[in-house]
1. Evaluate the relative contact order of the stretch 6-86 (contact order divided by residue number), counting alpha-carbon pairs under 8 angstrom at least 6 apart; express in whole percent.
2. Kindly flag which residue pairs out of 25/63; 2/79; 2/49; 44/82; 44/67 have an alpha-carbon separation exceeding 27 Å in this structure.
3. Please identify the chymotrypsin sites (Phe, Trp or Tyr not before Pro) of the stretch 8-94 that satisfy two criteria: DSSP loop assignment and at most 12 other Cβ atoms within 10 Å. Which are they?
4. Using only helices, what value at 222 nm comes out for the chain when you add -39,500 (n - 2.57) per DSSP H run of length 4 or more and divide by the total residues, to the nearest 500 deg cm²/dmol?
5. Any chance you could run the full-extension gain for residue 34 through residue 15? It's 0.36 nm times the residue separation minus the Cα-Cα distance, nm to one decimal.
6. Wrap a convex hull around the Cα atoms of the stretch 3-70, take a quarter of its surface area, and give that in square nanometres.
7. Would you mind telling me the antiparallel percentage of the DSSP bridges in the chain, rounded to 5?
8. Of all trypsin sites (Lys or Arg not before Pro) in the stretch 30-81, which ones are in loop regions per DSSP and have a Cβ with at most 15 other Cβ atoms within 10 Å?
Amino acid sequence: MKTLSLKQPFAELILQGKKKIELRKWNTKFRGEFFIHASKTPDKESMSKFGFTSLPTGCIVGKAFLKEVKKYKNEAEHKKDKNLHLASSFWEYQK
């Protein structure tokens with residue numbers, strides 16, 4: 001089965017259903033169930049921002065299902081989905 005590696009707390013936020021869109025610079029034709037791997041090094045700033053002090057790292061933490069891929073064409077589209085992807089900036093994602 002395919003696996004996607006994410007820093008904590010983003011892996012946990014996906015498992016909790018709070019983060020429904022994961023932003024990537026690359027596209028994929030894959031659709032279906034995959035494992036979520038929490039990378040060994042958490043994003044300390046985001047851990048604090050989302051109220052976490054400790055989460056598992058360096059292991060598979062759950063599964064998710066990729067059903068669709070969306071390409072943001074502009075900042076307005078990106079901003080409209082902010083509560084689904086939790087990213088701070090369109091331009092940060094575009095780098």
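A short reminder: the numbers here are calculations on the coordinates, not readings from a lab. All values derive from a computational prediction rather than experimental measurement. Counting neighbours? That spans all protein chains shown, and the Cβs are built from the backbone with ideal geometry, glycine included.
1. Once divided by the residue count of the stretch 6-86, the mean separation gives 42 percent.
2. Over 27 Å apart, Cα to Cα: 2/79; 2/49; 44/67.
3. Counting only loop positions with at most 12 other Cβ atoms within 10 Å, the chymotrypsin sites (Phe, Trp or Tyr not before Pro) in the stretch 8-94 are 26, 30.
4. -6000 deg cm²/dmol
5. Length gained between residue 34 and residue 15: 5.6 nm.
6. Its Cα hull, projected and averaged over all orientations, spans 4.6 nm².
7. 65
8. Answer by residue number: 31, 40, 67, 70, 71, 73.
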